[in-house]
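Q: One structure is given below, represented as structure tokens, and several questions about it will come after.
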Amino acid sequence: MARVLTGIQSTGVPHLGNILGAIRPAVRMSGTPGNDAFLFIADMHSFTTMRDPQVLRDNTYAVAASWLASGLDVNAVTFYRQSDVPEVAELTWYLGCLTPYPMLANAHSFKDKSDRLSAVNAGLFYYPVLMAADILLYDAHVVPVGKDQVQHLEITRDIASAFNRAYGDDTFVVPEARVDKEVMTVPGTDGQKMSKSYNNTLIIFLPEKELKKQVMGIVTDSTPLEDPKDPEKDNVFNLFRLLAPDDAVETMRQNYLRGGYGYGHAKKELLQVLMDGFANERALYQELMTDRGELDRQLQVGAAKARAIAEVTLARVRERAGYGARR
Ligand code: ADP
Ligand code: TRP
């Protein structure tokens with residue numbers, strides 16, 4: 001059985017792009033028989049950039065609640081918070097000592113981040129080693145990631161191979177990256193790819209008033225209400241078509257082409273589709289966010305499963321590296 005593992009950053013409340021592009025496909029995949037899926041919230045990676053404890057905590061819960069509200073079944077998937085498995089920090093140290101310094105110094109994402117930031121902490125530099133530990137600790141075979149993470153997977157493979165050469169071939173599973181080229185790109189409210197870095201997101205878990213504000217803020221051109229409009233070029237239509245049933249999309253297309261139908265009308269319809277289409281998710285999300293004890297309990301189920309495996313791997317590494325068993 002293939003173990004499939006991936007980590008999710010906890011840098012904010014997931015937006016529509018995250019949900020359609022990452023959460024839904026992963027929830028579907030995790031229900032596939034033959035996959036032993038591990039999914040965790042990378043809240044220790046977030047500490048490279050987040051300094052407000054309340055925000056750090058809230059984001060982790062928001063991400064957990066979003067996944068659970070989107071249908072993730074904690075009995076089918078090992079779902080946990082990275083920081084609940086302290087073994088990962090110890091493994092990070094051992095791995096780091098077999099990681100060539102230039103490999104980290106030359107990593108694209110480190111170079112990008114260190115060019116952008118005024119203060120560069122060592123955690124940013126060490127980020128890929130923690131990521132390698134996330135993966136190697138659980139003997140993962142396959143790691144689904146976005147293109148931007150492929151180099152981190154190469155680093156993980158290099159570290160695993162170096163360790164295996166030094167301490168025996170069966171110390172670590174050397175994992176494969178899996179990049180899904182088919183994933184859709186959800187456009188943002190300004191037509192660029194939806195991303196929290198562009199400030200162009202729709203966050204379906206927000207209270208209706210705030211979601212409405214985001215929908216009303218979608219950028220449109222200045223074609224007057226009575227004129228015909230090109231649906232293909234409009235951001236409201238392009239979002240609507242991702243979510244609405246075919247006949248409703250067709251009706252809206254005709255409305256655009258005919259004229260006498262304004263962007264305000266289209267935005268109203270889009271908001272309705274968001275509210276109706278995600279009604280269950282929104283309700284569940286609110287329920288979970290107001291009962292953090294329940295969220296903690298669900299995450300603890302995963303943490304216990306994860307730790308049982310982490311302890312075995314770490315004992316193997318310690319033994320081979322020359323440390324004794326822990327009493
Ligand atoms: P952001 O761009 O908002 O920072 P992340 O890089 O944290 O989002 O992405 C987390 C996951 O969501 C990734 O798997 C990514 O591929 C997916 N994702 C993000 N934005 C979109 C989008 N606009 N359309 C489809 N998938 C997206
Ligand atoms: N760095 C990944 C990202 O930014 C998140 C992550 C952390 C991860 N650890 C991981 C992904 C381990 C896959 C496997 O998206």
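The values are calculated or read from the model by the stated rules, or taken from the named source; none is laboratory data. For clarity, every value in this text was computed on a predicted model and none was experimentally measured. Cβ placement follows ideal geometry from the backbone for every residue including glycine, while neighbour counts extend to all protein chains displayed. Note: areas computed on protein heavy atoms with side chains; ligands, DNA, RNA excluded. Shrake-Rupley method; radii C 1.70, N 1.55, O 1.52, S 1.80 Å.
Q: Name, by its number, the condition in (1) of a type in the set (A, V, I, L, M); (2) open to solvent by less than 70 Å² (accessible area, probe 1.4 Å); (3) assigned to a loop (DSSP other than H, G, I, E, B) that does not hold for LEU225.
A: (2)
Q: Among the residues of the range 169-180, is there at least one that is at pLDDT below 95 and farther than 30 Å from TYR94 by Cα?
A: Within the range 169-180, one or more residues are at pLDDT below 95 and farther than 30 Å from TYR94 by Cα.
Q: If you check ASP158 against the conditions, is it in the same structural domain as VAL63 (by TED's automatic domain parsing), of a type in the set (D, E, K, R), at pLDDT 95 or above and within 12 Å of ligand 2 (Cβ to nearest atom)?
A: No; evaluated as a whole, the condition is false for this residue.
Q: Then there is this: Could you list, in sequence order, all residues of the range 251-284 that are acidic (Asp, Glu) and open to solvent by less than 80 Å² (accessible area, probe 1.4 Å)?
A: Once the filter is applied, which keeps residues that are acidic (Asp, Glu) and open to solvent by less than 80 Å² (accessible area, probe 1.4 Å), the range 251-284 yields GLU269, GLU281.
Q: In the range 60-69, what residues are in contact (Cβ under 8 Å) with a residue 60 or more places away in the chain and either under 16 Å from GLY302 (Cα atoms) or under 13 Å from the mean Cα position of the chain (by Cα) (or both)?
A: TYR61, ALA62, ALA64, ALA65, SER66, LEU68, listed by residue number.
Q: Would you confirm whether any residue within the range 195-210 is open to solvent by less than 30 Å² (accessible area, probe 1.4 Å) and assigned to a helix (DSSP H, G or I)?
A: For the range 195-210, residues open to solvent by less than 30 Å² (accessible area, probe 1.4 Å) and assigned to a helix (DSSP H, G or I): absent.
Q: Which of the residues spanning the range 10-45 are within 14 Å of ligand 2 (Cβ to nearest atom), within 20 Å of VAL273 (Cβ to Cβ) and not polar (S, T, N, Q)?
A: Selection gives PRO14, GLY17, GLY21, ILE23.
Q: State all residues of the range 115-154 that are more than 14 Å from ligand 1 (Cβ to nearest atom), surrounded by fewer than 20 Cβ atoms within 10 Å (Cβ to Cβ) and not in a helix (DSSP H, G or I); if no residue qualifies, say none.
A: Of everything in the range 115-154, those that are more than 14 Å from ligand 1 (Cβ to nearest atom), surrounded by fewer than 20 Cβ atoms within 10 Å (Cβ to Cβ) and not in a helix (DSSP H, G or I) turn out to be LEU117, SER118, ALA119, VAL120, ASN121, ASP139, HIS141, VAL142.
Q: Turning to a different aspect of this structure: Within the range 73-84, can one find any residue that is more than 22 Å from ILE309 (Cβ to Cβ) and assigned by TED's automatic domain parsing to the domain that holds PRO14?
A: Checked against the condition, which is being more than 22 Å from ILE309 (Cβ to Cβ) and assigned by TED's automatic domain parsing to the domain that holds PRO14, the range 73-84 yields no hits at all.
Q: Next question, about the same structure. Determine whether TYR285 is in a loop (DSSP other than H, G, I, E, B), outside the structural domain of ALA140 (by TED's automatic domain parsing) and touching a helix residue (DSSP H, G or I) at 6+ places or on another chain (Cβ under 6 Å).
A: No; evaluated as a whole, the condition is false for this residue.
Q: Hey, could you check the range 44-54 for residues that are surrounded by 14 or more Cβ atoms within 10 Å (Cβ to Cβ) and not polar (S, T, N, Q) and say which is nearest to GLY12 (Cα to Cα)?
A: Looking at the filtered set, the residue picked out is MET50.
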